[in-house]
Amino acid sequence: MKLTTKLNYKNGLLALLAFGALAANLAWAQVQQLDAVVAVVDDDVVMASELQQRLNTIMTQISAQQVEAPPIEILRRQVLEQLIIERLQLQMAARAGVTVADNELDQAIARVQQNAGVSPEQFRQRIAADGMSMKSFREQIRQELMIRQVEQGSVNRRIQISEQDVDNFLRSKEGEFWKSPQYELGHILIPVNSSAPADEVSRARAKAEQLAQEIRDGADFRRLAIANSAGQNALSGGDLGWRKTVELPTLFADALEGLQVGEVTSPFRSDAGFHLLKIHAQRGASEQMVEQTKVRHILIKTSEIRTDDDAYNLLIDLRQQLEKGADFDQLAREYSEDIGTMLAGGDLGWSTPGQFVPEFTQAMDNTPVGEISLPFRSQFGWHILRVDGRRQQDMTDRYIRNQAANLLRNRRYQEELQNWRREIRDQAYVDIKLPDLRDDTDADNTTNGGAQPAQ
């Protein structure tokens with residue numbers, strides 16, 4: 001009886017263990033199924049779990065925006081395409097050696113947190129609530145930064161903005177509107193009929209001139225507008241808001257010619273009466289004065305046979321010679337290893353802000369005119385420099401042209417970005433494993449003519 005009981009117990013235990021093993025295998029199979037490969041992308045894959053996680057994120061964003069989501073099968077295909085493109089971009093980043101330094105990553109995450117308007121602790125809690133660890137979030141941001149570098153490097157090479165392109169834009173109606181300065185204006189109207197007698201016109205002019213003088217003496221423009229103006233914006237202090245000069249009546253635009261921020265026009269007349277305009281603020285096209293520095297330098301590069309100490313000591317010796325009256329041009333021709341400037345005696349000409357690397361700019365800004373800097377290191381090697389002069393230069397025209405070129409480049413960027421993404425997608429090996437995720441172009445499971453993944 002005991003033996004039978006033991007046998008029954010043993011058999012029951014074995015059955016229980018067998019059932020447990022079966023359940024474990026089923027659970028493992030479910031996990032395996034969850035992490036199944038949904039697409040092969042050249043040398044990489046997209047997993048089902050990644051697709052589902054990204055899909056959940058997108059659905060949450062759509063719900064937060066309170067817009068109607070597309071059918072789930074369409075959304076899944078779109079999300080998968082997004083992941084495929086990202087895989088291709090990250091592979092390109094790896095081949096190009098693109099990296100993101102930890103300090104750059106920290107700064108990017110800090111910007112995300114600041115834009116969210118939360119404390120660091122609240123930020124971490126939000127990430128955890130989204131089902132992510134801080135480590136995973138950092139890796140996601142790192143990948144996004146790498147992708148951005150690849151996109152910008154690849155797409156910008158495809159965009160060429162010529163001087164003729166800029167000229168054509170600036171001469172167009174759109175260009176004229178774009179470069180027109182924008183003013184925040186205040187307006188006072190002292191009404192007088194166009195057919196009014198001379199004495200009435202004189203009284204209106206005198207009142208307008210009196211108000212203009214009070215404003216120049218410091219009176220509050222908006223208070224005077226409320227009390228005296230017959231303009232339709234009088235009760236809001238005469239505020240006309242932000243207006244470009246091309247949007248103003250010609251009479252107003254002419255009156256503003258040469259006027260500075262904070263100044264008021266002299267009274268000018270229209271059929272409605274006498275007007276006063278004040279520029280409260282200005283943005284857009286305006287005079288751009290920059291400080292330029294005339295500088296020359298000597299560059300000594302390090303090598304296997306010349307250490308940092310050797311380069312530093314050589315420049316200290318050259319600096320002592322220069323302070324004793326040696327000719328900078330001659331020493332630069334003899335010692336400098338900057339091929340572009342050595343024959344010109346190290347002359348870099350007149351520089352504008354942002355032209356040089358930060359180390360060079362800092363040394364240049366800290367060196368008085370006529371003096372020679374201490375040796376300093378940049379990515380190019382070791383330098384000394386002499387500042388030969390400083391001046392204020394009107395760069396308004398160049399500034400406007402640079403801004404116009406940036407505008408045209410940004411317009412073309414999005415178009416070229418889509419073209420480039422489509423090209424790298426078409427050229428890649430992509431095998432989508434699930435039939436319901438394939439679109440019409442993936443009927444044979446692969447793109448690029450059925451080529452095999454690169455080895």
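The values are calculated or read from the model by the stated rules, or taken from the named source; none is laboratory data. Everything quoted here is computed from the prediction, not taken from an experiment. Cβ sites come from the backbone with ideal geometry, for glycine too, and all protein chains shown count toward neighbours. Side chains are part of the model used for accessible areas, which takes the heavy atoms of the whole protein and leaves out ligands, DNA and RNA. Shrake-Rupley method; radii C 1.70, N 1.55, O 1.52, S 1.80 Å.
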Gain on full stretching of the segment that runs from ASP388 to GLN321 - 0.36 nm per residue minus C-alpha separation = 22.4 nm
At what distance in nm do the modelled label points of MET134 and ALA116 sit from each other, each positioned 7 Å from its Cα along Cα→Cβ?
-> 1.2
Could you check how much of the accessible area of the chain is carbon and sulfur, as a whole percent, using a 1.4 Å probe?
-> 50
If unit charges are put on Cβ atoms (+1 for Lys and Arg, -1 for Asp and Glu) and the dipole of the chain is taken about its Cα centre, the option from GLY175, GLN152, TRP382 lying farthest towards the positive end turns out to be GLN152
Other-chain or far-sequence residues with amide H under 5 Å of PHE268's (modelled H) = HIS275
Roughly speaking, what % of Cα-Cα pairs in region 232-318 are separated by over 21 Å, rounded to a whole number?
-> 55
Any idea how far apart GLN379 and ARG124 come out in nm if each label point goes 7 Å out from Cα toward Cβ?
-> 3.4
Principal axes of region 96-143: Cα extent on each, largest first, Å = 36, 21, 12
With a Förster radius of 60 Å, plug the Cβ-Cβ distance of LEU251 and VAL369 into 1/(1 + (r/R0)^6) and report the FRET value to the nearest 0.05.
-> 0.80
In nm, what is the difference between 0.36 nm times the number of residues separating ASN168 and LEU75 and their Cα-Cα distance?
-> 29.3 nm
Heavy-atom accessible area per residue, the chain, 1.4 Å probe: how many Å²?
-> 60
With axes computed from alpha carbons, what is the tilt in degrees of helix 120-129 against the longest principal axis of the chain, rounded to the nearest 10 within 0 to 90?
-> 40
Span from the region 162-184 Cα centroid across to the region 361-412 one, whole angstrom = 26
Furthest towards positive pole of dipole, MET364, THR341, ASN228, structure part the chain, Cβ charges = ASN228
Residues other than ALA332 with Cβ under 12 Å of its Cβ, Lys/Arg counted +1 and Asp/Glu -1, net out at -3
For region 120-247, rounded, prolate or oblate, judged on the Cα gyration tensor with a ≥ b ≥ c (square roots of eigenvalues), a/c < 1.5 rounded, else prolate if a/b > b/c?
-> oblate
For region 303-342, just the Cα set please: Rg and Dmax, both in angstrom.
-> 11.0, 32
How large is ³J(HN,Hα) for each residue in region 46-61, as worked out from phi by the Karplus curve 6.51 cos²θ - 1.76 cosθ + 1.60 (θ = phi - 60°), to whole Hz, x for Gly and Pro?
-> 10, 8, 4, 5, 5, 4, 5, 5, 5, 4, 4, 4, 5, 4, 4, 5
Net dipole in debye of the chain [+1 Lys, Arg Cβ; -1 Asp, Glu Cβ; about Cα centre; nearest 20] | 1320
Under a 5 Å amide H to amide H cut-off, with H placed in plane at 1.01 Å, what residues pair with LYS433 once short-range neighbours are removed?
-> ALA39, VAL40
What do you get when you divide the Cα radius of gyration of the chain by 2.2 N^0.38 Å, with N the number of residues?
-> 1.57
Can you tell me the relative contact order of the chain? Whole percent, Cα pairs under 8 Å, sequence separation 6 or more.
-> 17
Note down the nm distance, to one decimal, between modelled labels 7 Å out along Cα→Cβ at ALA96 and at THR57.
-> 2.1
Do the sum for the chain: with -39,500 (n - 2.57) for every DSSP H run of n ≥ 4, divided by all residues, what is the mean residue ellipticity at 222 nm, to the nearest 500 deg cm²/dmol?
-> -17000 deg cm²/dmol
Rounded to the nearest 10 Å², the accessible area of MET134 at probe 1.4 Å = 70
Percent of all alpha-carbon pairs of region 340-436 at distances over 16 Å, whole number, is 74
Potential lengthening between TRP242 and GLU68 on full extension [0.36 nm per residue; Cα-Cα distance subtracted] = 59.0 nm
Would you grab the residues whose amide H sits under 5 Å from the one on VAL295? Only those 5+ places off in sequence or on another chain, please, with H modelled 1.01 Å from N.
-> LEU348, GLY349, SER351, ASP388
With θ set to phi - 60°, apply the Karplus curve 6.51 cos²θ - 1.76 cosθ + 1.60 along region 400-411 and write out the HN-Hα couplings as whole Hz, x wherever there is a Gly or Pro.
-> 4, 5, 5, 5, 5, 5, 5, 4, 5, 5, 5, 5
Can you pull the accessible area of ILE72 for me, 1.4 Å probe, Å² to the nearest 10?
-> 80
